[in-house]
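Here is the structure we will look at, set down as structure tokens.
The values are calculated or read from the model by the stated rules, or taken from the named source; none is laboratory data. Since the structure is predicted, the reported quantities are computational estimates derived from the model, not experimental observations. Neighbour counts are summed over all protein chains in view; Cβ atoms, including those assigned to glycine, are modelled from backbone coordinates with ideal geometry. Each accessible area value is taken on the protein alone, full model and side chains, heavy atoms only, with ligands, DNA and RNA left out. Shrake-Rupley method; radii C 1.70, N 1.55, O 1.52, S 1.80 Å.
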Amino acid sequence: MVCRMATFMDLNINFTKDKKTLQNIIETAAHLGYSTVAINYTLESQQKKPEIPKPTSISDLFDKLPVVQGRSRPIRVLNRLTVVATDPSHFRPTTEYKAFDLVAVLPKTEKLFHAACMTFEVDIICVTVTEKQPFHFKRAPVNGAIDRGVFFEIVYTPAIRDSTMRRYTIGNSLGLMETCKGKGVILSSGAERPLELRGPYDIANLGIVFGLSEGDAKAAVSTNCRSVVINGETRTTAFGIIRTMKKPQPAPTSSEEKEDGREIPASKRVKMEH
């Protein structure tokens, strides 16, 4: 059960160049009780020359962030990149990815979905909600993603906008729930306007329609989102450590290559060097 003081998050607020609209969405989220939101920038990789967007500085949006309803602290605003991938070459983590707090991928094929679950360095795998799921969810990759701490995202605004998309959202969600058993799921808005946002308890109730249990639905707007944010911080930090700590090993001296006067086998020298 999520208590009244649970930390609610919406990790998918669609970026718009209309600064006032973006401000209004974030202000509405704070009023509804969301402690954290993520502004989502989408990279359409199938374009001829896709350019990774540069996230807007939060200080350019607000001089003073709005205070979260029922709390005494301001809302936290993160930046997120979502890569729409139709080919393995579309997902290429670069230093530009590091400008974002969260990285997500929307795989358009079963092969890419499997790769996203098992190998891609992402925090979120998006589930298609605007069309019929083009492939069945298989237990092995889904469980692989959950084991790696990667979460599946279901966006709810298409279900509000259009009755056909509502059928797709519910149908695709139920297909995922049959495989993941309600684990490793987050619910996000994908809002483009303030009126599309719903309160966290309303979204938890909507999660039940999507096939989640009451407990899993509440976790999908609170504790699971917190795990995503922590995983994003860990992924970025770990990447930095690997990049800075990996140094070339010095060549062994002739004395180091001998043991009791005998030549040390190459395989053993490698082990000793590490």
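Values as computed for the structure displayed
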{"read-out": "Condition check for Lys49: over 26 Å from Asn224 (Cα atoms) and either modelled with pLDDT under 95 or open to solvent by less than 70 Å² (accessible area, probe 1.4 Å) (or both)", "value": "yes"}
{"read-out": "Single residue of the stretch 54-82 satisfying the filter (within 27 Å of Val129 (Cβ to Cβ) and hydroxyl-bearing (Ser, Thr, Tyr)) that is modelled with the highest pLDDT", "value": "Thr82"}
{"read-out": "One residue from Ala29, Ala38 being outside any strand (DSSP E or B) and touching a residue at least 60 places away in the same chain (Cβ under 8 Å)", "value": "Ala29"}
{"read-out": "Flag if Ala85 is in contact with a strand residue (DSSP E or B) (Cβ under 7 Å, 6 or more places away or on another chain), of a type in the set (A, V, I, L, M, F, W, C), modelled with pLDDT under 90 and closer than 25 Å to Arg235 by Cα", "value": "yes"}
{"read-out": "Entirely in the stretch 55-172, the helices (runs of 4 or more DSSP H) that have 2 or more residues that are open to solvent by less than 20 Å² (accessible area, probe 1.4 Å) and farther than 27 Å from Ile208 by Cβ", "value": "none"}
{"read-out": "Among (1) aliphatic (A, V, I, L, M); (2) in contact with a Ser or Thr (Cβ under 7 Å, 6 or more places away or on another chain); (3) open to solvent by less than 20 Å² (accessible area, probe 1.4 Å) - the single one Ile186 does not satisfy", "value": "(2)"}
{"read-out": "Selection count where residues are of a type in the set (Ser, Thr, Tyr) and under 17 Å from the mean Cα position of the chain (by Cα), scope the stretch 142-172", "value": "1"}
{"read-out": "Meets criteria (open to solvent by 60 Å² or more (accessible area, probe 1.4 Å) and in contact with a Lys or Arg (Cβ under 8 Å, 6 or more places away or on another chain)) for Asp18", "value": "no"}
{"read-out": "Filter result for the condition that a residue is over 30 Å from Glu96 (Cα atoms) and either modelled with pLDDT of 50 or more or not in a loop (DSSP other than H, G, I, E, B) (or both), over Ile203, Ile242, Ile186", "value": "Ile203"}
{"read-out": "Pairs, first in contact (Cβ under 8 Å) with a residue 24 or more places away in the chain in the stretch 162-186, second among the aromatic types (Phe, Trp, Tyr) and surrounded by fewer than 18 Cβ atoms within 10 Å (Cβ to Cβ), C-beta under 7 Å, six or more apart", "value": "none"}
{"read-out": "Any hit, the stretch 196-218, residues being farther than 24 Å from Phe15 by Cβ, open to solvent by 70 Å² or more (accessible area, probe 1.4 Å) and under 16 Å from the mean Cα position of the chain (by Cα)", "value": "no"}
